[in-house]
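Asker: I'd like to ask you about the structure that follows.
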Amino acid sequence: MFLLTALGLLLAGCQKAPPADGPIELVFWHGANPQANRIVLEGLVERFNRRHPDIHVRAVDAGQPDQQIPKILAAVIGGSPPDLLWYNATLTGQLVKADAIVPLDAYLAREPVLGQVFPNLLPATRYRGQTWSLPFDTNNLAVFYNKRLFAAAGIKTFPRTWEAFFDLARKLTVDQNGDGRPERYGFRLPLGKGEWTVFNWLAWYWGAGGELLKQGKPQIASGAGVAALTYWQRFLDPSRPAASLSQPEQGYLFDDFFAGRVAMQVSGPWTLRELAQNQMSYGIFPLPQGAVAATSIGGEQLFLMRTSARREQASWQFAKYILSTEFQSAWATGTGYLPVTIEAARSPSYRAFLKRNPQLQVFLDQLPHGHNRPLDPTYPQISDALGQAVEQALQHVRTPAQALEAAQREAELIVRTQPGDTGF
């Protein structure tokens, strides 16, 4: 706590308040990556600044998500938060609990800018009956596949069900010398207990019909949880594997996919630029369906931090700008993120971009089936417990049921020790 307070005070000393009667400078913390995306964002911020001579938004790269949280908490505790924060929705509950962000309902009552947002992105904006953020961008997960390997195996259709997907992954796994260690695997599963693994696994959990928190109570060891984790473990059958594990906490890397050692891997539209740079012949198809069609929704929200009435009003002007068709279409075409508004998705510039990058249509089509991670302040701890369970099952330390039951007990303890923080 002392360290966070000291860091917050240090940050406060680095920020100079503008004169009350002059142009106001707003500090906007973001984590846009890679560098090409940062350049696109900085260009759009400057476009806003040119049109608003009384407001100047200064975009500051705050680092990767796991690096940002200590900075954010330190700045809040030290009384020196940024004016605007770009982060994913899972931080909402913690920010509300810290009284660090501004509820947006009063602004939205006057200017209902959420009316054009895709409906299933709206749950990520609301917590405990109030609106706390605006969608900045969005994405979801689908299956990337190596076209060359599919053609060589004579595969012309995509699997629609879990069972068909498993059979395909097994077919694409090749052990040429018969030593029991395939030179190529049909599928890649993420190893590690971090958020990337959890974010991936939850897509299958939701596909099994699961609901992570129900009336504030964890549902980790439910039938859906056991079904989804058992399914993942099946791919790692030592006698006849259909998938390989990534290096710990590196399940998002595509090195083995590029090298042809993995035929299929789950990721999101942010991967398209890297694939293009590697001149990879690839395709994309939706996640196979379990009990229901599902995917995990990612992306970032824009939060207005509690500062002063004048600064918050200026921040709202920028917040409205990020939901404009101009911004959304430019950001989406420049980065590969999906636009968050229906109007931007239908704009001529985005439709032309989609024609040049037809693979993105898979992610747009999946949006109605997407699920958001809980906004509750307990979610990061619950995610840790869930990540440990997934890792234990994939490494055959515990059965899926045993691992999830242990995570369930831990999650219930987390919820019980934080009364009043688990409502929606």
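The values are calculated or read from the model by the stated rules, or taken from the named source; none is laboratory data. No experiment lies behind these values; they were computed from the predicted model shown. All Cβ positions, even for glycine, are placed from backbone atoms using ideal geometry, and neighbour counts span all protein chains on display. Please note that ligands, DNA and RNA were not included when accessible areas were found on the heavy atoms of the full protein model with its side chains. Shrake-Rupley method; radii C 1.70, N 1.55, O 1.52, S 1.80 Å.
Asker: Calculate what fraction, in whole %, of the accessible area of region 283-363 sits on carbon and sulfur atoms when a 1.4 Å probe is rolled over the protein chains. List each step's numbers first, then the result.
Answerer: Details: 1440 of 2790 Å².
The computed percentage sits at 52.
Asker: Still on this structure: Sum -39500 (n - 2.57) across every DSSP H segment of at least 4 residues in the chain, then divide by the residue count to get the 222 nm mean residue ellipticity, nearest 500.
Answerer: Computed ellipticity for the chain at 222 nm equals -13000 deg cm²/dmol.
Asker: Report, to the nearest 10°, how far helix 379-394 tilts away from the longest principal axis of the Cα atoms in the chain, using its own Cα long axis and a range of 0 to 90°.
Answerer: So the inclination is approximately 10 degrees.
Asker: Also, I was wondering about something else. Taking a ≥ b ≥ c as the square roots of the eigenvalues of the Cα gyration tensor of region 93-143, is the shape rounded (a/c under 1.5), prolate (a/b larger than b/c) or oblate?
Answerer: Values: a/c = 2.55, a/b = 1.29, b/c = 1.98.
Oblate shape, in that a/c is at least 1.5 and b/c is the bigger or equal ratio.
Asker: Let me ask something else about it. Can you tell me the relative contact order of region 354-407? Whole percent, Cα pairs under 8 Å, sequence separation 6 or more.
Answerer: Details: 22 pairs, mean separation 13.3, N = 54.
Across region 354-407, relative contact order equals 25 percent.
Asker: Please give the FRET efficiency for Gln395 paired with Leu122, using the beta carbon to beta carbon distance and R0 = 45 Å, rounded to the nearest 0.05.
Answerer: Calculated transfer efficiency: 0.75.
Asker: Also, quick follow-up: Simple spin-label model, 7 Å along Cα-to-Cβ: Asp61 to Asn357 in nm?
Answerer: Output for this residue pair reads 1.9 nm.
Asker: Moving to a separate point now. How high is the relative contact order of the chain, in percent, with contacts defined as C-alpha pairs under 8 Å that are six or more residues apart? Working shown, then result.
Answerer: Details: 770 pairs, mean separation 102.2, N = 424.
Contact order relative to length: 24 percent.
Asker: Which pairs break 23 Å Cα to Cα here: Lys71/Lys214; Lys71/Lys97; Lys193/Lys217; Lys147/Lys193?
Answerer: On the way: Lys71/Lys214 31 Å; Lys71/Lys97 17 Å; Lys193/Lys217 21 Å; Lys147/Lys193 31 Å.
Listed pairs above 23 Å: Lys71/Lys214; Lys147/Lys193.
Asker: Relative to the first principal axis of the alpha-carbon coordinates of the chain, what is the inclination of helix 35-51, with its axis defined by its Cα atoms, in degrees from 0 to 90 and to the nearest 10?
Answerer: Orientation of helix 35-51: about 30 degrees from the principal axis.
Asker: Tell me, what is the 1.4 Å probe accessible area of Glu42, in Å² to the nearest 10?
Answerer: So the heavy atoms of Glu42 present about 90 Å² to solvent.
Asker: Return the distance in nm (one decimal) between the two label points of a simple spin-label model at Ala276 and Ala98, each offset 7 Å from Cα along Cα→Cβ.
Answerer: Going from the Ala276 label point to the Ala98 one covers 3.6 nm.
Asker: Quick check: from the Cα gyration tensor, does region 64-223 come out rounded (a/c under 1.5), prolate or oblate? Spell out each step's value before the answer.
Answerer: Values: a/c = 2.49, a/b = 2.14, b/c = 1.17.
Verdict is prolate for region 64-223.
Asker: Please give the length that would be gained between Lys156 and Glu211 if that part of the chain were fully extended, namely 0.36 nm times their separation in residues minus their C-alpha to C-alpha distance (nm, one decimal).
Answerer: On the way: separation 55, 0.36 × 55 = 19.80 nm, distance 3.40 nm.
Gain on extension, Lys156 to Glu211, equals 16.4 nm.
Asker: Explain nothing, just the number: relative contact order of region 217-302, from Cα pairs under 8 Å at least 6 residues apart, as a whole percent.
Answerer: Numbers: 21 pairs, mean separation 9.1, N = 86.
Once divided by the residue count of region 217-302, the mean separation gives 11 percent.
Asker: Can I ask one more? Under a 1.4 Å probe, what is the accessible area of the chain per residue, stated in Å²?
Answerer: Working: 18370 Å² over 424 residues.
It amounts to 43 Å² per residue over the chain.
Asker: Helix 309-322 versus the longest principal axis of the chain: what is the Cα-based angle in degrees, 0 to 90, to the nearest 10?
Answerer: The helix 309-322 is inclined about 40 degrees to the chain.
Asker: Classify the chain from the C-alpha gyration tensor, please: rounded if a/c falls under 1.5, else prolate or oblate depending on whether a/b exceeds b/c.
Answerer: Working: a/c = 2.03, a/b = 1.47, b/c = 1.38.
The shape class here is prolate.
Asker: Return the sequence-ordered ³J(HN,Hα) values of region 172-187 in whole Hz as given by the Karplus equation 6.51 cos²θ - 1.76 cosθ + 1.60 applied to θ = phi - 60°, using x for Gly and Pro.
Answerer: Each residue of region 172-187 in turn: 7, 7, 10, 10, 5, 9, x, 8, x, 10, x, 7, 9, 10, x, 9 Hz.
Asker: For the chain, with only Lys/Arg (+1) and Asp/Glu (-1) charged at the beta-carbon, what is the dipole magnitude about the Cα centre, in debye rounded to 20? Intermediate results must be reported in sequence, preceding the final value.
Answerer: Working: 39 positive and 36 negative charges, 154 e Å.
Dipole magnitude for the chain comes out near 740 debye.
Asker: Given the protein chains as shown and a 1.4 Å probe, how many square angstrom of Thr325 are accessible, to the nearest 10?
Answerer: About 40 Å², rounded to the nearest 10.
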